[in-house]
Each structure stands twice: as structure tokens, then as C-alpha cells.
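These notes are about the structure you will find just below.
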Amino acid sequence: MIYRFSLKQFFHRVLTFISCLVIAGLLFGELQLVLLIGAVIVLIWNYRHLLKLINWLWQKNLISPPESSGVWGHIYDGIYRRTQKYRRKQRELNARIREFRDGAEALPDAAVVLDLDYCIRWCNKKATYLLGIRWPFDNGQRITNLVRSPELTHYIGKNDFTLPCSLESPDNEDQQLELRFMPYGDKQYLLLARDVSQLHRVEKMRSDFVANVSHELKTPLTVVRGYMELIQEQTEDFSEQWLRTFSTIEQQVTRMDRLVEQLLILSRVEVNADIEIKAMVNIPEMMNTLIADARILNKDKQHKLLFDVDETLGLKGNESELKSAFANLLVNALNYTPDGGTIKVSWQRVGEHCVYQVSDTGVGIRSEDIPRLTERFYRVDKSRSRDTGGTGLGLAIVKHVAHHHHAQLHIESTLHKGSNFKMEFPAQDCFVIGKSHPKKHIIS
Ligand code: ADP
């Protein structure tokens, strides 16, 4: 039964009770005694209800409140309503959690809820197969204690979840996983792990195919070049037409040779992508070779070349990859800058980064072409690129090398004014060569 609380009724009852006591006290001529008896009765009544309340609150299986009228009826009723409301809310909340969990169970991916310390709060069944998490046994365990992989530790350490993390499944080395972390709710992460083994296999087949084809093309190209040279050596009096034909064959063979070379470099960089780099590369020494090569290439064009190299700054990395990326940016600047232009190349520590930078006063690039430059075979001006012997793979190589070295590639350019290509390597991968203080040198 539900009582409606009314202040008027409450005061009316209290006044009636006190009036009855006063009348009875006056009738018997014992006002004080009657008032005292009245107070004791009220006290006993209240204590009885308090005991009832305690009994009701602590007996879990009693749902309906004890029967009572008056002020205690209002108290029971209030508490009862609140508990009912709380129970209703809890039922709703449980239903929502069940819905979320059912949804997460239906996912084809492993789903794990983590707190801010990357400790497991919940996971679906798929997480058991893909990540080897045993639920609820592993509740509260840090994910890196269960999925022991340097890639995951490095990824979490970086605290940048814009790109997914790829790693081998802890239970099956043939299984390749892609992990995505998404901050959600109140200080939680949702980790989704997907089996990408099939995709990985297809990608591997593709890159193996490109590498094999490129490798196989090298021999016939060398043979064609060899025979070409032999014919030219043995026969002296060629007609004008034959000389032109030989020159075209030579140009095309050289182009093809360069294309094959670049394809091989690209597939090597792709294969190395998952290998952690540890070698200490002496960049200033490498720069010396690049400077010498640039001088030879620059003989005809007479560009003004400025090199600003920190001679004490080395970098942890893969030497051949870095050389290929640095050379590609430099050769591009030489190719796309008209005669007499200026090209600046620098290798310096700048704040939190070590920066390799090539800027030129060349033809420049339209802003709409910039985002597509690192795509394979993307060339802004196909005929110009062909003239320069370009393959359209140079910047794709630079992008992959940058990614492998945790570096950022920045491209800025203004049409007809010039371009600036910058590779920013994290300072923690740089080291000081020898003990001398950093010094700059400018060669022009
Ligand atoms: P390519 O071998 O054709 O030079 P890249 O991948 O190295 O291929 O470069 C892609 C395209 O970007 C080039 O075709 C060229 O149009 C443009 N590009 C690259 N570097 C420069 C530069 N320094 N100045 C102007 N355009 C450039």
C-alpha cells in the first residue's frame, strides 16, 4: 500500500495526539504523568518501526516494505520507491551491457576493453583464439604481459594510435594480426584485433612476384646491353639511321635498368618493413658520396649546390635504404630544377628531430598533386619525368624508407618557384659520431 505524505495531515495527527494527552491529563489531574506515558508510547512505537526497518533492509529476500501507516508508512514508501527505481535502472543498465557484449561477441574481430594502464577489463571469445586471453582468468592483467611482442610494446609506448599495429599472433606464428586501439567512454580503450593473414599472404605474394620479375629482368637486360656494345664495337661504319636506332635502344635499356633497380629497392624496403633497425649509420660519410655523385650529375646543368651537414650527427637505420631515399630526393632536385638554379641540402638536428632536407628553386609542384606524389608510378608531368629518366618510384621509396625509420616526410612546393622535401627522424634514433662538438660546413 502506498501512502501519500501530507504535511497538513501530519500536523493534524500530532496535534490530535497531544490534545488527547492534555485532555486525559487534565481529566485525571496528572498532566505530567500522562504526557510522560504519551512520550514513552511514541518512543516505543518509533523503536518498533526502526527495528522493522532494519529487518526489512537487511533481509535481502523481502521486497515489499512492512505494513505501516503514518510517518513510518511514508518512510517505507520512500525507500521502497527509491530501491525500485534503482533496480529498474540497474536492470536497464544490465540489458545495455548484455546488448554491448552480445554485439561484441558477434564481431568477427577480437574485442578487448582496457583501462588507461592497458589492463584488461573485459574481452570477447574471439580474443581467446586470436590473442590467447583467458577470460575471466586474465581479468586485470596488462595486455603486454599476455601478448608479448616488441611491436606492441613499442606501439603502446608511442601512444599514437592513428595507424594500426601489425604483429604475429602470440599463439600461432603463421597468423598475422592487425591491432587497433580506440579511446572510448570514461578513460578506457577498445582494442580490436583482426586476423589479416590472408591479406598478408596476398601482399607477400605480390611483393615476391614484383621482386622475382625484377630480378629475372636483370639478366636479359644485361645481355641486351652487352650485345649492343659488342655490335657497336665491332662495326664502325653505321649509317645515321642505325646510330639513332642504337641510341634509342640504349636509352630504353638504361630506363628499364633503372626501373628494375628501383623496383628491387622498393621490394627490399617493403620486405624490411617489419625488421627493427639497429645499425649505426655514419650519415656525414654517406653524404660525402652523395655530394660527389651530385657534382658529377651537375656538370651539365651548373646548379648552385649548397650542402649544410652536421659532421657529428649519425642515425640508427638501414644504410642502403637511407642512401637510396636521400639520393632520390637529391636527384629529383637536380632533375626538376632548370639550369643555374639553387639546390640546398642539409642534415641537421632541429629541436626534437634530425632532419634531412632538400630544397630547390625548380619547377615546383601544384598543391593538388602533392598528396599523390608518393604513389607508385605517379608523375606530375609524364614526358618531363621520362626525359629525366624518372621511373615514378623515387618518392614511393622515400615514403617507405621514412616509414621504416619512424620518420615523417614533409613536402612543400610552389609552382614555378621551387620545392622543399624534408625527412624528420626522431632525435632518439640519432647519435653523436666521435667526441668533437657539432660543427657545420658549407660546400658550394
Ligand atoms: P620520378 O622518377 O618520375 O622523378 P618520383 O617518385 O621521384 O618519380 O617523383 C614523382 C614526381 O614528383 C615526379 O615525376 C615529379 O613530377 C615530381 N617531383 C619530384 N621531385 C620534384 C622536385 N624536386 N621538383 C618538382 N617536382 C618534383
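The values are calculated or read from the model by the stated rules, or taken from the named source; none is laboratory data. Given the structure is predicted, the values throughout are model-derived calculations rather than measurements. Glycine gets a Cβ as well: all are built from the backbone with ideal geometry, and neighbour counts include every protein chain shown.
Remarks
- Restricting segment 344-367 to residues that are charged (D, E, K, R), part of a strand (DSSP E or B) and within 14 Å of the ligand (Cβ to nearest atom), the residue that is surrounded by the most Cβ atoms within 10 Å (Cβ to Cβ): Asp360
- Selection count where residues are assigned to a helix (DSSP H, G or I) and within 33 Å of the chain's Cα centre (by Cα), scope segment 281-313: 4
- Failed condition for Ser267, given (1) within 30 Å of Ala106 (Cβ to Cβ); (2) crowded, with 16+ Cβ neighbours inside 10 Å: (1)
- Any hit, segment 372-390, residues being among the aliphatic types (A, V, I, L, M), surrounded by fewer than 21 Cβ atoms within 10 Å (Cβ to Cβ), under 29 Å from the mean Cα position of the chain (by Cα) and within 11 Å of the ligand (Cβ to nearest atom): no
- Within the set Lys301, Lys316, the sole residue that is closer than 23 Å to His404 by Cα, at pLDDT below 95 and not β-branched (Val, Ile, Thr) turns out to be Lys316.
- From Tyr118, Tyr80, residue being hydroxyl-bearing (Ser, Thr, Tyr), surrounded by 14 or more Cβ atoms within 10 Å (Cβ to Cβ) and in contact (Cβ under 8 Å) with a residue 24 or more places away in the chain: Tyr118
- Arg194 meets the conditions (1) among the basic types (Lys, Arg); (2) farther than 24 Å from His403 by Cβ; (3) in contact with a helix residue (DSSP H, G or I) (Cβ under 9 Å, 6 or more places away or on another chain) in every case but one. The failed one is (2).
- Within segment 129-184, being at pLDDT below 90, among the aliphatic types (A, V, I, L, M), over 16 Å from Tyr118 (Cα atoms) and outside any helix (DSSP H, G or I) holds for Leu163, Leu167.
- Residues that are crowded, with 20+ Cβ neighbours inside 10 Å, touching a residue at least 60 places away in the same chain (Cβ under 8 Å) and under 30 Å from the mean Cα position of the chain (by Cα) occur in segment 327-343; there is at least one.
- Hits in segment 391-415 (condition: more than 10 Å from the ligand (Cβ to nearest atom) and not small (Gly, Ala, Ser)): His400, Val401, His403, His404, His405, His406, Gln408, Leu409, His410, Glu412, Thr414
- Taken together, the residues in segment 116-128 that are in a strand (DSSP E or B) and touching a Lys or Arg at 6+ places or on another chain (Cβ under 6 Å) amount to 1.
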